Amino acid sequence: MRLQTMLHAVFPPECLNCGARVESDFAICGSCWADTPFILGASCDLCGVALPGQAADDEALICEECHQIARPWSAGRAVMGYGGVGRRLVLGLKHGDRAEIARASGPWLARVGADLVRGAPLLVPIPLHWRRLAQRRYNQSALLAQAFGREAGVEVAPQALLRVRATPSQDGRDREARFRNLTDAIRPHPRHGDCLKGRDIVLVDDVMTSGATFAAATEACRMAGAKEIGVIALARVSRDA
(Lines give C-alpha, C1' and ligand atoms only; values in the text may rest on other atoms or scores of the structure.)
Protein backbone atom coordinates (compact mmCIF):
# COMPACT_ATOMS: atom_id res chain seq x y z
CA MET A 1 0.00 0.00 0.00
CA ARG A 2 2.83 2.35 0.88
CA LEU A 3 4.59 1.55 -2.41
CA GLN A 4 1.39 2.27 -4.32
CA THR A 5 1.06 5.63 -2.54
CA MET A 6 4.63 6.49 -3.49
CA LEU A 7 4.02 5.51 -7.10
CA HIS A 8 0.87 7.64 -7.22
CA ALA A 9 2.89 10.58 -5.89
CA VAL A 10 5.32 10.22 -8.79
CA PHE A 11 2.89 8.93 -11.43
CA PRO A 12 -0.64 10.12 -10.55
CA PRO A 13 -3.44 7.93 -11.98
CA GLU A 14 -4.81 9.18 -15.28
CA CYS A 15 -8.15 8.78 -17.03
CA LEU A 16 -8.06 5.86 -19.46
CA ASN A 17 -9.52 8.06 -22.18
CA CYS A 18 -8.32 11.65 -21.84
CA GLY A 19 -5.38 11.47 -19.43
CA ALA A 20 -6.92 13.75 -16.79
CA ARG A 21 -6.09 13.08 -13.14
CA VAL A 22 -8.32 10.52 -11.44
CA GLU A 23 -8.40 9.10 -7.91
CA SER A 24 -7.53 5.49 -8.72
CA ASP A 25 -5.77 3.39 -11.34
CA PHE A 26 -7.71 2.02 -14.32
CA ALA A 27 -10.48 4.61 -14.02
CA ILE A 28 -12.34 7.10 -16.21
CA CYS A 29 -12.82 10.73 -15.21
CA GLY A 30 -16.30 12.09 -14.58
CA SER A 31 -16.47 13.93 -17.90
CA CYS A 32 -15.47 10.88 -19.95
CA TRP A 33 -17.73 8.64 -17.89
CA ALA A 34 -20.69 10.82 -18.87
CA ASP A 35 -19.69 10.48 -22.54
CA THR A 36 -19.26 6.70 -22.40
CA PRO A 37 -22.37 4.92 -23.77
CA PHE A 38 -22.69 2.33 -21.00
CA ILE A 39 -25.74 0.12 -21.49
CA LEU A 40 -27.52 0.56 -18.17
CA GLY A 41 -31.20 0.24 -19.01
CA ALA A 42 -33.22 -2.09 -21.20
CA SER A 43 -31.21 -4.25 -23.59
CA CYS A 44 -31.71 -7.18 -25.95
CA ASP A 45 -31.40 -10.49 -24.15
CA LEU A 46 -29.63 -12.07 -27.13
CA CYS A 47 -27.15 -9.43 -28.33
CA GLY A 48 -27.01 -6.83 -25.56
CA VAL A 49 -27.89 -3.82 -27.72
CA ALA A 50 -29.53 -0.96 -25.83
CA LEU A 51 -33.30 -0.73 -26.22
CA PRO A 52 -35.73 2.10 -25.43
CA GLY A 53 -37.74 1.93 -22.23
CA GLN A 54 -37.03 0.31 -18.90
CA ALA A 55 -35.59 -3.12 -18.23
CA ALA A 56 -38.11 -5.74 -17.07
CA ASP A 57 -36.95 -8.30 -14.51
CA ASP A 58 -39.37 -11.01 -15.61
CA GLU A 59 -39.39 -10.53 -19.38
CA ALA A 60 -36.75 -11.24 -22.01
CA LEU A 61 -36.47 -8.38 -24.49
CA ILE A 62 -35.45 -9.21 -28.07
CA CYS A 63 -34.38 -6.53 -30.56
CA GLU A 64 -35.60 -6.33 -34.15
CA GLU A 65 -32.30 -7.64 -35.54
CA CYS A 66 -32.38 -10.73 -33.32
CA HIS A 67 -35.95 -11.41 -34.43
CA GLN A 68 -34.63 -11.51 -38.00
CA ILE A 69 -31.44 -13.53 -37.35
CA ALA A 70 -31.43 -16.87 -35.57
CA ARG A 71 -28.84 -16.62 -32.79
CA PRO A 72 -27.23 -19.99 -31.94
CA TRP A 73 -26.43 -18.91 -28.38
CA SER A 74 -28.90 -18.59 -25.49
CA ALA A 75 -28.12 -15.13 -24.06
CA GLY A 76 -25.98 -12.11 -24.90
CA ARG A 77 -24.73 -9.03 -23.05
CA ALA A 78 -22.68 -5.93 -23.85
CA VAL A 79 -21.09 -3.34 -21.58
CA MET A 80 -21.38 -0.27 -23.80
CA GLY A 81 -22.31 0.98 -27.23
CA TYR A 82 -19.60 1.30 -29.86
CA GLY A 83 -19.47 5.06 -30.06
CA GLY A 84 -17.74 8.08 -28.51
CA VAL A 85 -15.51 7.14 -25.60
CA GLY A 86 -16.59 3.50 -25.94
CA ARG A 87 -15.20 3.31 -29.46
CA ARG A 88 -11.94 5.00 -28.45
CA LEU A 89 -11.46 2.56 -25.57
CA VAL A 90 -12.04 -0.46 -27.79
CA LEU A 91 -9.66 0.82 -30.48
CA GLY A 92 -7.05 1.61 -27.83
CA LEU A 93 -7.27 -1.94 -26.52
CA LYS A 94 -7.37 -3.52 -29.96
CA HIS A 95 -4.73 -1.52 -31.81
CA GLY A 96 -3.00 0.73 -29.29
CA ASP A 97 -1.31 -1.72 -26.90
CA ARG A 98 -3.61 -0.44 -24.13
CA ALA A 99 -3.84 -3.61 -22.04
CA GLU A 100 -4.87 -1.54 -19.01
CA ILE A 101 -8.25 -1.00 -20.69
CA ALA A 102 -8.92 -4.74 -20.44
CA ARG A 103 -8.06 -4.67 -16.74
CA ALA A 104 -10.47 -1.78 -16.19
CA SER A 105 -13.16 -3.68 -18.10
CA GLY A 106 -13.14 -6.63 -15.69
CA PRO A 107 -15.60 -5.11 -13.19
CA TRP A 108 -17.79 -3.78 -16.02
CA LEU A 109 -18.01 -7.22 -17.63
CA ALA A 110 -18.66 -8.86 -14.25
CA ARG A 111 -21.55 -6.48 -13.55
CA VAL A 112 -23.20 -6.85 -16.94
CA GLY A 113 -22.55 -10.58 -17.19
CA ALA A 114 -23.44 -11.51 -13.61
CA ASP A 115 -26.35 -13.68 -14.68
CA LEU A 116 -24.27 -15.42 -17.33
CA VAL A 117 -21.74 -16.72 -14.80
CA ARG A 118 -24.09 -17.88 -12.02
CA GLY A 119 -23.52 -21.53 -12.86
CA ALA A 120 -19.71 -21.18 -13.00
CA PRO A 121 -19.34 -21.57 -16.78
CA LEU A 122 -16.07 -21.59 -18.68
CA LEU A 123 -15.05 -18.23 -20.14
CA VAL A 124 -13.70 -18.64 -23.67
CA PRO A 125 -12.24 -15.73 -25.66
CA ILE A 126 -12.72 -15.41 -29.40
CA PRO A 127 -9.41 -16.57 -30.93
CA LEU A 128 -7.12 -14.69 -33.29
CA HIS A 129 -5.38 -16.34 -36.21
CA TRP A 130 -1.70 -16.88 -35.45
CA ARG A 131 -0.61 -14.35 -38.08
CA ARG A 132 -2.71 -11.58 -36.56
CA LEU A 133 -1.64 -12.62 -33.08
CA ALA A 134 2.01 -12.31 -34.15
CA GLN A 135 1.35 -8.81 -35.51
CA ARG A 136 -0.62 -7.62 -32.48
CA ARG A 137 1.38 -9.62 -29.87
CA TYR A 138 -1.73 -10.26 -27.76
CA ASN A 139 -5.36 -11.28 -28.11
CA GLN A 140 -7.52 -8.46 -26.75
CA SER A 141 -10.45 -10.85 -26.24
CA ALA A 142 -8.27 -13.11 -24.09
CA LEU A 143 -7.23 -10.11 -21.97
CA LEU A 144 -10.90 -9.23 -21.47
CA ALA A 145 -11.80 -12.84 -20.58
CA GLN A 146 -8.98 -13.01 -18.03
CA ALA A 147 -10.02 -9.70 -16.43
CA PHE A 148 -13.66 -10.87 -16.35
CA GLY A 149 -12.64 -14.21 -14.87
CA ARG A 150 -10.55 -12.63 -12.10
CA GLU A 151 -13.38 -10.31 -11.12
CA ALA A 152 -16.13 -12.96 -11.25
CA GLY A 153 -14.06 -15.86 -9.91
CA VAL A 154 -14.73 -17.94 -13.02
CA GLU A 155 -12.37 -20.26 -14.92
CA VAL A 156 -10.94 -19.04 -18.25
CA ALA A 157 -9.87 -21.29 -21.15
CA PRO A 158 -7.84 -19.00 -23.44
CA GLN A 159 -6.83 -21.77 -25.87
CA ALA A 160 -10.08 -23.71 -26.14
CA LEU A 161 -10.81 -22.43 -29.66
CA LEU A 162 -8.57 -22.03 -32.69
CA ARG A 163 -8.98 -19.74 -35.67
CA VAL A 164 -7.90 -22.06 -38.47
CA ARG A 165 -8.31 -19.58 -41.31
CA ALA A 166 -6.95 -16.06 -41.60
CA THR A 167 -10.19 -14.25 -42.41
CA PRO A 168 -10.04 -10.85 -44.12
CA SER A 169 -11.23 -7.86 -42.11
CA GLN A 170 -14.97 -7.60 -41.54
CA ASP A 171 -14.88 -3.81 -42.03
CA GLY A 172 -17.11 -2.64 -44.86
CA ARG A 173 -18.89 -5.98 -45.29
CA ASP A 174 -22.66 -6.32 -45.09
CA ARG A 175 -24.31 -8.82 -42.74
CA GLU A 176 -24.38 -11.73 -45.20
CA ALA A 177 -20.76 -11.20 -46.24
CA ARG A 178 -19.67 -11.13 -42.60
CA PHE A 179 -21.25 -14.51 -41.94
CA ARG A 180 -19.76 -16.00 -45.14
CA ASN A 181 -16.35 -14.66 -44.17
CA LEU A 182 -16.42 -16.62 -40.88
CA THR A 183 -17.67 -19.93 -42.29
CA ASP A 184 -15.52 -22.78 -40.90
CA ALA A 185 -12.95 -20.26 -39.61
CA ILE A 186 -13.13 -21.27 -35.93
CA ARG A 187 -12.73 -24.79 -34.58
CA PRO A 188 -12.14 -26.46 -31.22
CA HIS A 189 -8.42 -26.56 -30.50
CA PRO A 190 -7.15 -30.10 -31.28
CA ARG A 191 -5.20 -30.28 -27.99
CA HIS A 192 -7.09 -27.92 -25.67
CA GLY A 193 -10.67 -28.11 -26.93
CA ASP A 194 -11.65 -31.09 -24.76
CA CYS A 195 -12.29 -28.69 -21.88
CA LEU A 196 -15.45 -27.53 -23.67
CA LYS A 197 -17.20 -30.91 -23.49
CA GLY A 198 -20.15 -30.93 -21.12
CA ARG A 199 -19.52 -27.36 -19.93
CA ASP A 200 -21.60 -24.21 -20.05
CA ILE A 201 -19.64 -21.59 -21.98
CA VAL A 202 -19.53 -17.79 -22.10
CA LEU A 203 -17.77 -16.47 -25.20
CA VAL A 204 -15.95 -13.14 -24.76
CA ASP A 205 -15.04 -10.58 -27.45
CA ASP A 206 -14.23 -6.89 -27.68
CA VAL A 207 -16.93 -5.91 -30.20
CA MET A 208 -20.11 -7.44 -31.54
CA THR A 209 -21.39 -6.11 -34.87
CA SER A 210 -23.42 -8.65 -36.86
CA GLY A 211 -22.78 -11.53 -34.47
CA ALA A 212 -21.03 -13.59 -37.18
CA THR A 213 -17.90 -14.19 -35.11
CA PHE A 214 -19.87 -15.21 -32.04
CA ALA A 215 -22.01 -17.51 -34.21
CA ALA A 216 -18.93 -19.25 -35.67
CA ALA A 217 -17.42 -19.67 -32.20
CA THR A 218 -20.72 -20.98 -30.82
CA GLU A 219 -20.86 -23.65 -33.50
CA ALA A 220 -17.26 -24.63 -32.71
CA CYS A 221 -18.16 -25.01 -29.03
CA ARG A 222 -21.13 -27.20 -29.94
CA MET A 223 -18.83 -29.37 -32.09
CA ALA A 224 -16.79 -29.97 -28.94
CA GLY A 225 -19.84 -30.97 -26.89
CA ALA A 226 -20.52 -27.74 -24.97
CA LYS A 227 -23.90 -27.27 -23.30
CA GLU A 228 -25.44 -23.81 -22.83
CA ILE A 229 -23.57 -20.97 -24.55
CA GLY A 230 -23.79 -17.27 -23.78
CA VAL A 231 -21.87 -14.36 -25.27
CA ILE A 232 -20.61 -11.04 -23.94
CA ALA A 233 -18.86 -8.14 -25.66
CA LEU A 234 -17.22 -5.02 -24.31
CA ALA A 235 -19.02 -2.98 -26.99
CA ARG A 236 -22.06 -3.53 -29.21
CA VAL A 237 -22.38 -1.84 -32.59
CA SER A 238 -25.98 -0.82 -33.23
CA ARG A 239 -27.67 -0.24 -36.56
CA ASP A 240 -27.82 3.46 -35.75
CA ALA A 241 -24.06 3.71 -35.11
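The values are calculated or read from the model by the stated rules, or taken from the named source; none is laboratory data. The structure presented is a predicted model; accordingly, all values stated were derived computationally and were not measured. In this analysis, Cβ positions are derived from the backbone assuming ideal geometry, glycine residues included, and neighbour counts consider all displayed protein chains. Heavy atoms of the whole protein, side chains included, go into the accessibility calculation; ligands, DNA and RNA do not. Shrake-Rupley method; radii C 1.70, N 1.55, O 1.52, S 1.80 Å.
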Of all residues making up region 211-235, the number that are open to solvent by less than 10 Å² (accessible area, probe 1.4 Å) and either at pLDDT 95 or above or acidic (D, E) (or both): 12
Residue list for region 78-91, restricted to those being part of a helix (DSSP H, G or I), open to solvent by 10 Å² or more (accessible area, probe 1.4 Å) and either within 28 Å of I62 (Cβ to Cβ) or in contact (Cβ under 8 Å) with a residue 24 or more places away in the chain (or both): R87, R88
The lone exception for R191 - which of (1) farther than 18 Å from V49 by Cβ; (2) open to solvent by less than 30 Å² (accessible area, probe 1.4 Å) it fails: (2)
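Kindly indicate whether R163 is farther than 30 Å from D115 by Cα, basic (K, R) and out of contact with any helix residue (DSSP H, G or I) (no Cβ under 6 Å at 6 or more places or on another chain).
Values: farther than 30 Å from D115 by Cα: no; basic (K, R): yes; out of contact with any helix residue (DSSP H, G or I) (no Cβ under 6 Å at 6 or more places or on another chain): yes.
For R163, the condition - farther than 30 Å from D115 by Cα, basic (K, R) and out of contact with any helix residue (DSSP H, G or I) (no Cβ under 6 Å at 6 or more places or on another chain) - is not met.
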Close pairs (9 angstrom Cβ cut-off, 6 or more residues apart or separate chains): basic (K, R) in region 100-118, open to solvent by less than 10 Å² (accessible area, probe 1.4 Å) and not in a helix (DSSP H, G or I) anywhere: R111/V79
Search result, residues across region 92-120 that are touching a Lys or Arg at 6+ places or on another chain (Cβ under 8 Å) and either part of a strand (DSSP E or B) or crowded, with 22+ Cβ neighbours inside 10 Å (or both): V112, G113, L116
Pairs, first without any contact (Cβ under 8 Å) to a residue 60 or more places away in the chain and within 19 Å of E65 (Cα to Cα) in region 172-186, second part of a loop (DSSP other than H, G, I, E, B) and open to solvent by 20 Å² or more (accessible area, probe 1.4 Å), C-beta under 6 Å, six or more apart: R178/Q170
When residues of region 121-172 are limited to those that are open to solvent by 30 Å² or more (accessible area, probe 1.4 Å), of a type in the set (A, V, I, L, M, F, W, C) and not in a loop (DSSP other than H, G, I, E, B), the one farthest from T218 (Cα to Cα): A134
Single unsatisfied condition, G153 versus (1) within 21 Å of A224 (Cβ to Cβ); (2) free of Cβ contacts under 8 Å to residues at least 40 places away in the same chain: (1)
Qualifying residue in region 69-76 (condition: at pLDDT 95 or above, open to solvent by 40 Å² or more (accessible area, probe 1.4 Å), in a loop (DSSP other than H, G, I, E, B) and farther than 20 Å from A212 by Cβ): no
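Only one of L133, L109, L144 is closer than 26 Å to A185 by Cβ and either of a type in the set (V, I, T) or modelled with pLDDT under 95 (or both). Can you tell me which? Before you say what the answer is, go through the steps one by one.
Working: L109 fails: either of a type in the set (V, I, T) or modelled with pLDDT under 95 (or both); L144 fails: either of a type in the set (V, I, T) or modelled with pLDDT under 95 (or both).
Step by step, each of L133, L109, L144 is checked, and only L133 is closer than 26 Å to A185 by Cβ and either of a type in the set (V, I, T) or modelled with pLDDT under 95 (or both).
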Residue within region 29-41 that is over 21 Å from F148 (Cα atoms) and crowded, with 17+ Cβ neighbours inside 10 Å present: yes
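Would you confirm whether any residue within region 109-125 is over 21 Å from E228 (Cβ atoms) and out of contact with any strand residue (DSSP E or B) (no Cβ under 8 Å at 6 or more places or on another chain)?
Taking region 109-125 as the starting set, the residues that turn out to be over 21 Å from E228 (Cβ atoms) are none.
No, that holds for no residue.
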